[in-house]
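Report on the structure given below.
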Amino acid sequence: MKTLFTNIKTLVQVRENEVQMLSGKNMQNLPIIEEAYLFVEGDVIVDYGKMESCPTIKVDEVIDCSGKIILPTWIDSHTHIVYADHREGEFVDKIKGLSYEEIAAKGGGILNSAEKLAQAGEDELFEQAAKRVEEVIMMGTGALEIKSGYGLSTENELKMLRVIKRLNEHYPIPIIATFLGAHAFPKKYLNKPDAYIQEIITQMLPQIEKEKLAAFVDVFCEKNYFDLEQTERILVAAKKHGLTPKIHVNQFNSFGGVALGVKHKALSLDHLEVMTDADMEALKGSRTMPVALPGCSFFLGIPYTPARKMIDAGLPIALATDYNPGSSPSGNMNFVVATACIKMKMTPEEAINAATVNAAYALGLSKNYGSISKGKKANFILTKEIPSYAFIPYSFGNNLIKKIFVDGKEINY
Ligand code: NIG
Ligand code: FE
C-alpha cells in the first residue's frame, strides 16, 4: 500500500538524522517543512519534501491535507493504564481538602487499587484497559508504556504484566511493560518490608524474566514508600534479570533518589515535582531522561516539575500522562503538552519535542518512533484545519485531531 499525503500545511518534527535526546537550547529546535508532501509505503515513511518537488508516482491513495498539519504521534512513556475500577470517592475527599498522603493513610491510594485489582480476573482487566488504550490512541498516542504496581503480590503483579503483554499483541502500537512491584508495601507486609522485597527479588523477577513480561523496572522512591536502600536493592536485582531502571522519584520529597537513578543508569526518572540544585547537578551530563507529568500536578494540585529551570540549565525533559486512577485519571497527551506550555512555561517547540523525540528516548524507541524520518514507522497525527502548530497547546482541551495513522493506516476505534 502506497499513500501520498499532499498539500500539508506544515509537516512537523522532520528529522533527516536520528536524534535521541534533545537538551537545553536544542529543545527549542523543531524542524518543519511548510507546504509539504509525505510519502508512505506499507508501515514506513519513505520520503517527504516541499510540495513543489512532490514526485509524480503511482500510488494507491492520495490524501489532500490542505490547511492541516501532520506531526508524529505522541509517545506516552509513563502510564498505569491497567487498573480495576475508579477512585472517584478519593477525588471527592481531595476536593474536601485531604492530601494524597492523607488519602493513602486512610486506606485509599495505591492499596485501594490493589484491593480492587485482586478481585478482577485477567479478562476483565484486559477489557477495561483495552478501552483506555483505544481512547488514548484516538487522542494521538502512538506508543505507550504501562506499569504493573497494583498487584503487589506475585500472582497479581504477573496478572497485570500478562494483561499488558496481551494489549501489546492486540494493538498495532508498541505497548511496553514496566514492572512496578515496588509501588507500595502491601497490607500484609507493612510490618515486614524486607519480606516483600524478598518476594519481589526471589519470586517476581525470575518469573518476569522467564516469561519476558517487562522491559523496565520502576520503584516508587518516596517517604512512606521505598527508601534509597530498598530502591537500590530492587534496581540491582532487576538489572540482573535484564530490566532497565526507571524511578518514580521526587514527587513529594527530595532525598537522593535522582543521584541514585543516575548512578544506576536509569533510562528515565519520572515526576521530579520537587527538585534541588543537587538533583539538577546529578542529572547533568547523564544519559537519563527526566520525565515531567503535568497531569498529575494539575490533578493533585502539587507543584509542577520546574521544566523551565531545568531546560535553561541545559537539561532535557520528556512529557508523559501518568494515566492512573489516583493521581492523573487522564491519558490525554494533548492536554499534557498544553499544560506544559501554560503552567511550566515550556514553548510549543519544547513541549512537542518533549512529547515526541525525548519521549521516544524515555521508552527506548528512538530508532523507529518520535519523528518524521525516512525509515521510521508511519505513525502520525493529521490535525483539523488549524493556523499553526502553536495552536495545539494554545487551544487547550479542544479536539484538533482529524485522523490518526498507525503503521501507515488510518485507525478508528
Ligand atoms: O505516578 N506516585 C506513585 N504512583 C502513581 C499514583 C498511583 C495511584 O495513586 O494509584 C503516580 O502518581
Ligand atoms: Fe506514575
How far, in nm, would the chain grow between T276 and E155 when pulled straight, counting 0.36 nm per residue and subtracting the alpha carbon separation? 39.7 nm
Quick check: pseudo-label points 7 Å beyond the Cα along Cα→Cβ at Q28 and K192, how many nm apart are they? 5.8 nm
Choose one of G49, I63, I81: the residue whose Cα lies farthest towards the positive end of the charge dipole of the stretch 44-87 (beta-carbon charges +1 Lys, Arg; -1 Asp, Glu; about the Cα centre). I81
How large is the charge dipole for the stretch 82-148, taken about the Cα centre, if only the Cβ atoms of Lys, Arg (+1) and Asp, Glu (-1) carry charge, to the nearest 20 debye? 260 debye
Selected from G326, Y361, L315, residue furthest toward positive end of dipole (the chain; charges at beta carbon): L315
Could you size up the charge dipole of the stretch 75-362 around its Cα centre, putting +1 on the beta carbon of Lys and Arg and -1 on that of Asp and Glu, and report it in debye to the nearest 20? 380 debye
Among G242, A143, A104 the positive-end extreme of the charge dipole of the chain (Cβ point charges): G242
Would you work out if the stretch 312-399 is rounded, prolate or oblate? Take a ≥ b ≥ c from the square roots of the eigenvalues of the alpha-carbon gyration tensor; rounded if a/c is under 1.5, else prolate when a/b is larger than b/c, oblate otherwise. rounded
Rounded to the nearest 10 Å², the accessible area of H241 at probe 1.4 Å: 40 Å²
E385 versus A105: modelled label distance in nm, points set 7 Å from Cα along the beta carbon direction: 5.7 nm
Determine the gain in length on full extension of the stretch N168-V92; use 0.36 nm per residue of separation and subtract their C-alpha separation, reporting nm with one decimal. 24.0 nm
Of D85, D47, D76, D277, which has the most accessible area with a 1.4 Å probe, and how do the rest follow in descending order? D277, D85, D47, D76
Mind counting lysine pairs for me in the stretch 79-194? Cα separation below 24 Å, and the two need to be 8 or more apart along the chain or on different chains. 26
Between K212 and I57, 0.36 nm times their residue separation minus their Cα-Cα distance comes to what? 51.5 nm
Would you calculate the separation in nanometres between label points at I401 and I302, each defined as 7 Å from the Cα along the Cα-to-beta-carbon direction? 2.7 nm
Volume in Å³ per residue [convex hull over Cα atoms, computed for the chain]: 126 Å³
In degrees rounded to 10, the 0-90 angle between helix 333-344 Cα long axis and the longest Cα principal axis of the chain is 80 degrees
Rounded to the nearest percent, how much of the accessible area of the chain (1.4 Å probe, protein heavy atoms only) is carbon and sulfur? 51 percent
Would you mind working out the accessible area per residue for the chain, using a 1.4 Å probe, and quoting it in Å²? 39 Å²
F396, F185, ranked by accessible area, largest first (probe 1.4 Å): F396, F185
K106: accessible area at probe 1.4 Å, nearest 10 Å²? 130 Å²
Work out from phi, with θ = phi - 60° and the Karplus expression 6.51 cos²θ - 1.76 cosθ + 1.60, the ³J(HN,Hα) of each residue of the stretch 148-160, listed in order in whole Hz, and give x for Gly and Pro. 7, x, 10, x, 6, 8, 4, 4, 7, 5, 5, 4, 4
Accessible area in the full protein assembly, largest first, 1.4 Å probe, for E122, E34: E34, E122
Compute the relative contact order of the chain as a whole-number percentage, counting only Cα pairs closer than 8 Å that sit 6 or more residues apart in sequence. 22 percent
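The values are calculated or read from the model by the stated rules, or taken from the named source; none is laboratory data. Note that the structure is predicted; figures quoted are calculated from it, not measured. Using ideal geometry, Cβ is built from the backbone for each residue, glycine included, and neighbour counts are taken over all protein chains shown. Keep in mind that these areas ignore ligands, DNA and RNA; they rest on the heavy atoms of the full protein, side chains included. Shrake-Rupley method; radii C 1.70, N 1.55, O 1.52, S 1.80 Å.
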